[in-house]
Amino acid sequence: MRRKQFLGFDSVELSTGKIDLIISKSVGPRVLSLSYKGGENLFAELPNDYLEYPGDGNFYFYGGHRLWVAPEDPFVTYIPDDQPIRIQESSGFVEFIQKINQTKGIQKSIRIRLTDYDDVVTIDHLIHNEGNFPLKCAPWAITQFKLGGVAILPQQIKGIDGNTLLPDRSIVLWPYTDINDPRIRWGNQFIFVGPEPFDQALKIGMSNAQKWMAYFYHNLLFIKYAENCETDQLVDQGATSECYCNSKFIELETLGPLKQIEPGKTIQHREVWRIVDTPFTDLTQETMMDFVENDEMADICREML
């Protein structure tokens, strides 16, 4: 871990040998940059974009990867995370810890753990209840990418099996999503989203039995794996993986379980990040399916969850 400046923030850099991550010390917890073999930052860089918080201040995106609190409620979700963080090094991981929000008693942290593979890292997202009352919420892990690539949402990968009278997948749409938006390319095996920079926002969610979603950008395939969590009460109508897109960035989002966190307790949600260099020369339904069917690392990454 070494210190550096990035986007004007005091930051630190972690490296697997192939994947380089830059994490801010000035704000957060935020992973501001992800690059592969010294290449460009795959993450969006948005230092001046913000949402209005109904309390004091604004919530700045900054770009990169963040931890939010679901269900989406501006009074909780948009609490600014613009204070310096504390970095704690432990055996096997580095944790980036936010100051406790005195109003809600919420403290967020992100743990980054290197693995035995130089193209795979694990990211743990923790929400601590440091208040005096129970808190019901779900960890919401959001990664903002630069436009120019294509998001990949898996659907019916294994084909039709079992009782065909019952549904085998779900799609969740937000009110502002135009089902005929040309950025969405519907397929039976995969839904592709992007890369045209239209002003109109769109968002698609799904219950993700495959436990992965991906972003293909300049011959690099970024894959994030996460559990398809089950909860007694569903967030976003059961969507555990979501994709949001507007004219500035595209997001891959995963949701952890919705639970009641008692005072002094913590809830955790893990993602596994992986980058594959040039998995195919051209992204199509067929080339993506061929990659999935012959990908031996996928099960190894799922076992890390």
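Brief remarks on what is shown
- Flag if Q156 is under 30 Å from M288 (Cβ atoms), in contact with a Lys or Arg (Cβ under 7 Å, 6 or more places away or on another chain) and open to solvent by 10 Å² or more (accessible area, probe 1.4 Å): yes
- Checking K104, K99, K25 one by one, the residue that is among the basic types (K, R), touching a residue at least 60 places away in the same chain (Cβ under 8 Å) and either touching a helix residue (DSSP H, G or I) at 6+ places or on another chain (Cβ under 7 Å) or open to solvent by 10 Å² or more (accessible area, probe 1.4 Å) (or both) is K25 and no other.
- Close Cβ contacts (under 6 Å, 6 or more residues apart or on different chains) running from residues in the stretch 33-55 that are at negative phi to residues that are polar (S, T, N, Q) and assigned to a loop (DSSP other than H, G, I, E, B) comprise S33/N41; S35/N41.
- Matching residues, the stretch 28-69, being surrounded by fewer than 22 Cβ atoms within 10 Å (Cβ to Cβ) and under 22 Å from G256 (Cα atoms): F59, F61, V69
- Screening K146 with (1) in contact with a strand residue (DSSP E or B) (Cβ under 6 Å, 6 or more places away or on another chain); (2) more than 16 Å from L14 (Cβ to Cβ) gives one miss only, at (1).
- 2 or more residues touching a residue at least 24 places away in the same chain (Cβ under 8 Å), open to solvent by 10 Å² or more (accessible area, probe 1.4 Å) and β-branched (V, I, T): qualifying strands (runs of 3 or more DSSP E) within the stretch 169-282: 266-277
The values are calculated or read from the model by the stated rules, or taken from the named source; none is laboratory data. These numbers come from a predicted model, not from an experiment. Glycine gets a Cβ as well: all are built from the backbone with ideal geometry, and neighbour counts include every protein chain shown. We work out accessible area using only protein heavy atoms, side chains counted, and drop any ligands, DNA or RNA first. Shrake-Rupley method; radii C 1.70, N 1.55, O 1.52, S 1.80 Å.
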